[in-house]
1. Counting only residues that are modelled with pLDDT under 95 and of a type in the set (Ser, Thr, Tyr), which one in the range 96-112 is surrounded by the most Cβ atoms within 10 Å (Cβ to Cβ)?
2. If a residue has to be under 16 Å from residue 82 (Cα atoms) and open to solvent by 60 Å² or more (accessible area, probe 1.4 Å) to count, how many in the range 18-38 make the cut?
3. Does residue 63 qualify as being hydrophobic (A, V, I, L, M, F, W, C), modelled with pLDDT of 95 or more and within 18 Å of residue 113 (Cα to Cα)?
4. Filter the range 42-52 down to residues that are touching a residue at least 24 places away in the same chain (Cβ under 8 Å) and assigned to a strand (DSSP E or B) and give me whichever is farthest from residue 14 (Cα to Cα).
5. Pairs under 6 Å by beta carbon, first residue modelled with pLDDT of 95 or more in the range 69-83, partner open to solvent by 50 Å² or more (accessible area, probe 1.4 Å), six or more apart or different chains?
6. Out of the residues in the range 43-72 meeting the condition of being more than 24 Å from residue 16 (Cβ to Cβ) and open to solvent by 60 Å² or more (accessible area, probe 1.4 Å), tell me which one is nearest to the chain's Cα centre (by Cα).
7. Could you tell me how many of the residues in the range 1-25 are within 13 Å of residue 97 (Cα to Cα) and either hydrophobic (A, V, I, L, M, F, W, C) or at pLDDT below 95 (or both)?
8. Would you confirm, using the coordinates I've provided, whether residue 115 is in contact with a Phe, Trp or Tyr (Cβ under 9 Å, 6 or more places away or on another chain), open to solvent by less than 50 Å² (accessible area, probe 1.4 Å) and farther than 21 Å from residue 18 by Cα?
Amino acid sequence: QVQLVESGGGLVQPGGSLRLSCVASGSIFRIYDMDWYRQAPGKERELVAVITRGGNTNYADSVKGRFTISRDNAKNTMYLQMNSLKPEDTADYYCNANIGTVRLPTGHEYWGQGTQVTVSS
């Protein structure tokens with residue numbers, strides 16, 4: 001069984017910073033692409049940032065230059081450094097990863113439970 005657990009969310013003032021973490025645990029063979037998604041109240045879930053196993057990254061236009069995605073393959077952990085936060089960044093942030101296990105080395109998609117980020121003065 002594989003589990004993804006996010007942490008690091010909270011309340012922050014506009015212009016502030018937060019760092020989200022996502023830790024994968026369980027019978028992991030290899031972690032392939034990892035992503036951060038977010039879902040604001042009343043809106044659809046949207047892709048925020050992607051990072052490949054090799055470290056290639058891609059970002060939504062709305063967060064380019066403000067957010068940085070990274071990962072530590074040795075620790076099965078992904079991060080999202082969020083700077084210059086805006087009220088419109090308020091959302092539940094979810095970790096998503098394609099993870100290969102011993103049973104299914106080619107990978108299966110897993111989701112975390114989400115962590116709430118609120119940007120407000």
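The values are calculated or read from the model by the stated rules, or taken from the named source; none is laboratory data. The structure presented is a predicted model; accordingly, all values stated were derived computationally and were not measured. Here the Cβ positions follow ideal geometry from the backbone for every residue, glycine too, while neighbour counts run over all protein chains shown. Accessible surface areas use protein heavy atoms only, side chains included; no ligands, DNA or RNA. Shrake-Rupley method; radii C 1.70, N 1.55, O 1.52, S 1.80 Å.
1. By that ranking, first place goes to 101.
2. The total comes to 1.
3. no
4. Per the stated criteria, the residue is 51.
5. Listed pairs, sorted by first residue: 69/57; 77/23; 81/19; 81/68; 83/17.
6. 58
7. So the answer is 6.
8. no
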